[in-house]
Amino acid sequence: MPDFLTHPLLDLPGIRHGFFGRKGGYSRGVYASLNCGLGTDDDKNAVAKNRHAVAAAMGTQILVTAAQYHSAEALLLQEPPREQPRCDGLITSACGFAIGALAADCMTVLFADSHSGHIAAAHAGWRGALSGVLENTLRNMVSAGARPETIRAVFGPCLRPPDFEVGEDLLQAFTSKTPKAAQFFTPDKKQGKYQLDLVAYGRKMLEQEGLDPAHIGDIGHSTLAEPDQYFSYRYAKANSQGLCGRHIAAIARK
(Lines give C-alpha, C1' and ligand atoms only; values in the text may rest on other atoms or scores of the structure.)
Protein backbone atom coordinates (compact mmCIF):
# COMPACT_ATOMS: atom_id res chain seq x y z
CA MET A 1 0.00 0.00 0.00
CA PRO A 2 1.47 3.39 -0.97
CA ASP A 3 2.22 5.97 1.70
CA PHE A 4 0.02 9.03 2.05
CA LEU A 5 -0.32 12.08 4.26
CA THR A 6 -3.37 12.91 6.36
CA HIS A 7 -4.53 16.02 8.19
CA PRO A 8 -6.21 16.03 11.64
CA LEU A 9 -9.02 18.30 10.39
CA LEU A 10 -10.24 15.46 8.17
CA ASP A 11 -9.81 12.70 10.72
CA LEU A 12 -13.56 12.44 11.18
CA PRO A 13 -15.67 9.40 12.10
CA GLY A 14 -16.63 7.40 9.03
CA ILE A 15 -14.30 9.27 6.67
CA ARG A 16 -10.94 8.21 5.26
CA HIS A 17 -8.63 10.49 3.28
CA GLY A 18 -5.11 10.72 1.94
CA PHE A 19 -2.74 13.00 0.04
CA PHE A 20 -0.57 10.68 -2.04
CA GLY A 21 2.82 11.41 -3.59
CA ARG A 22 4.50 9.80 -6.56
CA LYS A 23 6.02 6.83 -4.71
CA GLY A 24 4.67 3.36 -4.06
CA GLY A 25 3.24 2.44 -7.46
CA TYR A 26 3.89 0.43 -10.61
CA SER A 27 4.72 3.00 -13.30
CA ARG A 28 8.23 3.44 -14.70
CA GLY A 29 10.43 6.09 -16.26
CA VAL A 30 9.18 9.68 -16.03
CA TYR A 31 5.92 8.32 -14.61
CA ALA A 32 7.55 6.45 -11.70
CA SER A 33 5.79 5.31 -9.82
CA LEU A 34 2.28 6.10 -8.45
CA ASN A 35 0.97 7.89 -11.53
CA CYS A 36 -2.84 7.99 -11.26
CA GLY A 37 -3.52 10.09 -14.35
CA LEU A 38 -5.78 8.31 -16.84
CA GLY A 39 -5.06 10.97 -19.45
CA THR A 40 -1.29 10.45 -19.49
CA ASP A 41 0.63 8.30 -21.99
CA ASP A 42 1.70 5.91 -19.23
CA ASP A 43 1.09 2.17 -19.47
CA LYS A 44 -2.64 1.73 -18.85
CA ASN A 45 -2.19 -1.43 -16.79
CA ALA A 46 0.27 0.32 -14.49
CA VAL A 47 -2.10 3.27 -14.03
CA ALA A 48 -4.97 0.90 -13.27
CA LYS A 49 -2.87 -0.89 -10.63
CA ASN A 50 -1.83 2.44 -9.14
CA ARG A 51 -5.43 3.61 -8.88
CA HIS A 52 -6.50 0.29 -7.39
CA ALA A 53 -3.82 0.71 -4.71
CA VAL A 54 -5.16 4.17 -3.88
CA ALA A 55 -8.73 2.87 -3.73
CA ALA A 56 -7.64 0.05 -1.42
CA ALA A 57 -5.91 2.55 0.86
CA MET A 58 -9.25 4.38 1.08
CA GLY A 59 -11.00 1.13 2.01
CA THR A 60 -12.78 0.51 -1.29
CA GLN A 61 -12.28 -0.99 -4.75
CA ILE A 62 -13.59 1.99 -6.72
CA LEU A 63 -11.84 5.30 -7.30
CA VAL A 64 -13.60 8.08 -9.23
CA THR A 65 -11.72 11.03 -10.69
CA ALA A 66 -12.87 13.66 -13.17
CA ALA A 67 -11.75 14.57 -16.66
CA GLN A 68 -10.34 17.82 -15.30
CA TYR A 69 -10.09 20.88 -17.53
CA HIS A 70 -9.36 23.84 -15.23
CA SER A 71 -13.03 24.74 -14.90
CA ALA A 72 -15.31 25.96 -12.13
CA GLU A 73 -17.58 22.93 -12.54
CA ALA A 74 -18.30 20.83 -9.43
CA LEU A 75 -20.67 17.87 -9.66
CA LEU A 76 -22.64 15.88 -7.09
CA LEU A 77 -22.41 12.09 -7.45
CA GLN A 78 -24.91 9.62 -6.03
CA GLU A 79 -23.03 6.61 -7.38
CA PRO A 80 -19.89 5.88 -9.43
CA PRO A 81 -20.43 7.18 -12.98
CA ARG A 82 -19.94 4.96 -16.02
CA GLU A 83 -17.60 7.52 -17.58
CA GLN A 84 -15.33 10.18 -16.13
CA PRO A 85 -17.40 13.31 -15.46
CA ARG A 86 -16.04 16.46 -17.10
CA CYS A 87 -15.50 18.82 -14.17
CA ASP A 88 -12.92 19.85 -11.56
CA GLY A 89 -14.83 19.20 -8.35
CA LEU A 90 -16.51 16.00 -7.17
CA ILE A 91 -19.00 15.80 -4.28
CA THR A 92 -20.79 12.86 -2.71
CA SER A 93 -22.39 11.60 0.49
CA ALA A 94 -22.50 8.01 -0.76
CA CYS A 95 -20.41 5.12 0.54
CA GLY A 96 -18.72 2.42 -1.48
CA PHE A 97 -16.33 4.50 -3.60
CA ALA A 98 -13.59 7.07 -3.21
CA ILE A 99 -13.38 10.37 -5.05
CA GLY A 100 -10.13 12.09 -5.91
CA ALA A 101 -8.43 15.07 -7.50
CA LEU A 102 -5.31 14.80 -9.67
CA ALA A 103 -2.50 17.31 -9.97
CA ALA A 104 1.10 17.98 -10.96
CA ASP A 105 1.60 21.49 -9.46
CA CYS A 106 -2.06 22.54 -9.18
CA MET A 107 -3.85 22.55 -5.84
CA THR A 108 -5.82 19.55 -4.64
CA VAL A 109 -8.35 20.31 -1.91
CA LEU A 110 -10.31 17.77 0.12
CA PHE A 111 -13.54 18.72 1.93
CA ALA A 112 -15.62 16.93 4.55
CA ASP A 113 -18.72 17.93 6.50
CA SER A 114 -18.84 16.40 9.97
CA HIS A 115 -22.61 17.04 10.14
CA SER A 116 -24.04 15.68 6.88
CA GLY A 117 -21.23 13.35 5.86
CA HIS A 118 -20.72 15.03 2.49
CA ILE A 119 -17.20 14.84 1.10
CA ALA A 120 -15.56 16.52 -1.88
CA ALA A 121 -12.34 16.63 -3.87
CA ALA A 122 -11.36 19.61 -6.02
CA HIS A 123 -8.59 20.38 -8.50
CA ALA A 124 -7.59 24.03 -8.72
CA GLY A 125 -4.75 25.48 -10.71
CA TRP A 126 -4.64 29.25 -11.08
CA ARG A 127 -7.29 29.12 -13.83
CA GLY A 128 -9.67 27.00 -11.76
CA ALA A 129 -9.06 29.03 -8.63
CA LEU A 130 -9.71 32.25 -10.52
CA SER A 131 -12.88 30.88 -12.10
CA GLY A 132 -14.22 29.82 -8.69
CA VAL A 133 -13.99 26.02 -8.53
CA LEU A 134 -13.37 26.02 -4.78
CA GLU A 135 -16.33 28.30 -4.09
CA ASN A 136 -18.56 26.25 -6.40
CA THR A 137 -17.53 23.00 -4.73
CA LEU A 138 -18.38 24.48 -1.35
CA ARG A 139 -21.69 25.97 -2.54
CA ASN A 140 -22.77 22.70 -4.12
CA MET A 141 -21.94 20.83 -0.92
CA VAL A 142 -24.19 23.25 0.97
CA SER A 143 -26.94 22.91 -1.63
CA ALA A 144 -26.78 19.15 -1.10
CA GLY A 145 -27.25 19.49 2.67
CA ALA A 146 -23.85 20.28 4.15
CA ARG A 147 -23.36 23.14 6.61
CA PRO A 148 -20.65 25.80 6.15
CA GLU A 149 -19.99 25.86 9.90
CA THR A 150 -19.16 22.14 9.97
CA ILE A 151 -17.28 21.79 6.67
CA ARG A 152 -13.52 21.28 6.84
CA ALA A 153 -11.15 21.82 3.92
CA VAL A 154 -7.47 20.88 3.53
CA PHE A 155 -5.04 21.95 0.79
CA GLY A 156 -2.55 19.40 -0.50
CA PRO A 157 0.99 19.66 -1.91
CA CYS A 158 1.19 22.12 -4.82
CA LEU A 159 3.28 24.85 -6.41
CA ARG A 160 4.08 27.54 -3.82
CA PRO A 161 6.41 30.47 -3.18
CA PRO A 162 9.34 30.72 -3.66
CA ASP A 163 8.72 28.40 -6.63
CA PHE A 164 5.51 29.87 -8.09
CA GLU A 165 6.91 32.51 -10.43
CA VAL A 166 4.30 34.30 -12.56
CA GLY A 167 4.17 37.34 -14.81
CA GLU A 168 2.28 40.61 -14.91
CA ASP A 169 -0.51 38.95 -16.90
CA LEU A 170 -1.58 36.78 -13.97
CA LEU A 171 -1.45 39.71 -11.57
CA GLN A 172 -3.77 41.63 -13.89
CA ALA A 173 -6.09 38.64 -14.34
CA PHE A 174 -6.56 38.22 -10.59
CA THR A 175 -6.80 41.88 -9.65
CA SER A 176 -9.27 42.62 -12.46
CA LYS A 177 -11.63 40.16 -10.77
CA THR A 178 -10.72 40.91 -7.16
CA PRO A 179 -8.61 44.04 -6.57
CA LYS A 180 -7.60 42.77 -3.13
CA ALA A 181 -5.96 39.75 -4.79
CA ALA A 182 -2.81 41.86 -5.16
CA GLN A 183 -1.95 40.85 -1.59
CA PHE A 184 -1.24 37.31 -2.80
CA PHE A 185 1.44 38.47 -5.27
CA THR A 186 4.93 39.30 -4.00
CA PRO A 187 7.47 40.96 -6.32
CA ASP A 188 10.12 38.46 -7.39
CA LYS A 189 13.82 39.17 -7.71
CA LYS A 190 13.31 39.08 -11.49
CA GLN A 191 11.91 42.29 -12.89
CA GLY A 192 8.30 41.99 -13.97
CA LYS A 193 7.86 38.69 -12.13
CA TYR A 194 5.93 37.81 -8.98
CA GLN A 195 5.52 34.96 -6.53
CA LEU A 196 1.89 33.84 -6.32
CA ASP A 197 0.60 32.36 -3.06
CA LEU A 198 -2.31 30.47 -4.58
CA VAL A 199 -3.07 28.55 -1.38
CA ALA A 200 -3.51 31.81 0.53
CA TYR A 201 -5.84 33.01 -2.22
CA GLY A 202 -7.83 29.78 -2.05
CA ARG A 203 -8.12 30.01 1.73
CA LYS A 204 -9.42 33.55 1.45
CA MET A 205 -12.07 32.52 -1.08
CA LEU A 206 -13.29 29.74 1.22
CA GLU A 207 -13.40 32.08 4.21
CA GLN A 208 -15.51 34.51 2.19
CA GLU A 209 -17.94 31.65 1.54
CA GLY A 210 -18.40 31.16 5.27
CA LEU A 211 -15.80 28.58 6.25
CA ASP A 212 -14.30 28.99 9.69
CA PRO A 213 -10.56 29.78 9.25
CA ALA A 214 -9.88 27.21 11.96
CA HIS A 215 -11.51 24.60 9.73
CA ILE A 216 -9.13 25.21 6.82
CA GLY A 217 -5.88 23.25 6.86
CA ASP A 218 -2.82 22.79 4.69
CA ILE A 219 -0.63 19.72 4.20
CA GLY A 220 2.17 21.95 2.90
CA HIS A 221 5.02 20.91 0.55
CA SER A 222 5.95 22.54 -2.76
CA THR A 223 5.79 20.16 -5.70
CA LEU A 224 8.52 21.91 -7.70
CA ALA A 225 10.88 21.82 -4.73
CA GLU A 226 10.28 18.08 -4.17
CA PRO A 227 10.19 16.43 -7.61
CA ASP A 228 11.25 13.10 -6.14
CA GLN A 229 8.16 13.10 -3.91
CA TYR A 230 5.54 14.74 -6.16
CA PHE A 231 4.86 15.11 -9.86
CA SER A 232 5.63 18.63 -11.08
CA TYR A 233 4.79 19.85 -14.56
CA ARG A 234 7.14 22.82 -14.20
CA TYR A 235 10.01 20.57 -13.15
CA ALA A 236 9.39 18.20 -16.05
CA LYS A 237 9.25 21.11 -18.50
CA ALA A 238 12.42 22.73 -17.11
CA ASN A 239 14.28 19.43 -17.37
CA SER A 240 13.10 18.62 -20.91
CA GLN A 241 11.19 15.55 -19.79
CA GLY A 242 8.10 16.58 -21.72
CA LEU A 243 5.83 14.06 -20.00
CA CYS A 244 4.57 14.21 -16.44
CA GLY A 245 2.48 11.96 -14.19
CA ARG A 246 -0.26 12.96 -11.75
CA HIS A 247 -0.42 12.38 -8.03
CA ILE A 248 -3.75 12.26 -6.23
CA ALA A 249 -5.66 13.37 -3.17
CA ALA A 250 -8.53 11.02 -2.31
CA ILE A 251 -11.35 10.79 0.21
CA ALA A 252 -14.10 8.26 0.95
CA ARG A 253 -16.87 7.49 3.38
CA LYS A 254 -16.35 4.21 5.19
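Checking each residue in the stretch 212-252 for being over 19 Å from ALA101 (Cα atoms) and among the basic types (Lys, Arg) picks out only LYS237. Restricting the search to the stretch 61-82, which residues are exposed (fewer than 15 other Cβ atoms within 10 Å of the Cβ) and either in contact with a helix residue (DSSP H, G or I) (Cβ under 7 Å, 6 or more places away or on another chain) or over 16 Å from GLY37 (Cβ atoms) (or both)? The answer is GLN61, GLN78, GLU79, PRO81, ARG82.
Quick one: would you say VAL133 is under 18 Å from ILE15 (Cα atoms), assigned by TED's automatic domain parsing to the domain that holds ILE248 and touching a residue at least 60 places away in the same chain (Cβ under 8 Å)? In short, no.
Scanning the stretch 19-46 for residues that are among the charged types (D, E, K, R) and in contact with a strand residue (DSSP E or B) (Cβ under 6 Å, 6 or more places away or on another chain) yields one hit, ARG22.
For the stretch 210-235, filtered to residues that are buried (at least 17 other Cβ atoms within 10 Å of the Cβ) and among the charged types (D, E, K, R), the residue that is nearest to THR150 (Cα to Cα) is ASP218. Say whether the condition of being of a type outside the set (Phe, Trp, Tyr), touching a strand residue (DSSP E or B) at 6+ places or on another chain (Cβ under 9 Å), surrounded by fewer than 18 Cβ atoms within 10 Å (Cβ to Cβ) and not in a loop (DSSP other than H, G, I, E, B) is met by at least one residue in the stretch 6-16. Looking for residues that are of a type outside the set (Phe, Trp, Tyr), touching a strand residue (DSSP E or B) at 6+ places or on another chain (Cβ under 9 Å), surrounded by fewer than 18 Cβ atoms within 10 Å (Cβ to Cβ) and not in a loop (DSSP other than H, G, I, E, B), one finds at least one in the stretch 6-16, hence yes. Within the stretch 180-199, identify whether any single residue is farther than 21 Å from SER232 by Cα, β-branched (Val, Ile, Thr) and either modelled with pLDDT under 95 or not assigned by TED's automatic domain parsing to the domain that holds TYR233 (or both), and answer yes or no. Looking for residues that are farther than 21 Å from SER232 by Cα, β-branched (Val, Ile, Thr) and either modelled with pLDDT under 95 or not assigned by TED's automatic domain parsing to the domain that holds TYR233 (or both), one finds at least one in the stretch 180-199, hence yes.
The test for being surrounded by fewer than 19 Cβ atoms within 10 Å (Cβ to Cβ) and under 11 Å from ALA129 (Cβ atoms) does not hold for LYS189. Here PHE19 passes the criteria (1) part of a loop (DSSP other than H, G, I, E, B); (2) touching a Ser or Thr at 6+ places or on another chain (Cβ under 8 Å) except the one numbered (1).
Looking at LEU211, LEU224, just one residue is under 30 Å from LYS49 (Cβ atoms) and either in a loop (DSSP other than H, G, I, E, B) or modelled with pLDDT under 95 (or both), and that residue is LEU224.
Among the residues making up the stretch 171-205, those that are free of Cβ contacts under 8 Å to residues at least 12 places away in the same chain and of a type in the set (Ser, Thr, Tyr) are THR175, SER176, THR178.
For ILE91, the conditions (1) surrounded by fewer than 16 Cβ atoms within 10 Å (Cβ to Cβ); (2) closer than 22 Å to GLY59 by Cβ; (3) not acidic (Asp, Glu) are fulfilled apart from (1). Among the residues of the stretch 240-252, are any of a type outside the set (Gly, Ala, Ser), farther than 21 Å from LEU110 by Cα and crowded, with 20+ Cβ neighbours inside 10 Å? Yes, the stretch 240-252 contains at least one residue that is of a type outside the set (Gly, Ala, Ser), farther than 21 Å from LEU110 by Cα and crowded, with 20+ Cβ neighbours inside 10 Å. Can you tell me which residue within the stretch 19-57, out of those that are within 21 Å of PHE155 (Cβ to Cβ) and in contact with a Gly (Cβ under 8 Å, 6 or more places away or on another chain), is surrounded by the fewest Cβ atoms within 10 Å (Cβ to Cβ)? Only one residue tops the list, namely ALA57. When the stretch 110-128 is limited to residues that are part of a loop (DSSP other than H, G, I, E, B) and either free of Cβ contacts under 8 Å to residues at least 40 places away in the same chain or of a type outside the set (Gly, Ala, Ser) (or both), the one that is nearest to ARG234 (Cα to Cα) turns out to be HIS118.
All conditions but one from (1) over 15 Å from ASP197 (Cβ atoms); (2) over 20 Å from the mean Cα position of the chain (by Cα) apply to LEU171; the one that does not is (1).
The values are calculated or read from the model by the stated rules, or taken from the named source; none is laboratory data. Source: prediction; values computed, not measured. In this analysis, Cβ positions are derived from the backbone assuming ideal geometry, glycine residues included, and neighbour counts consider all displayed protein chains.
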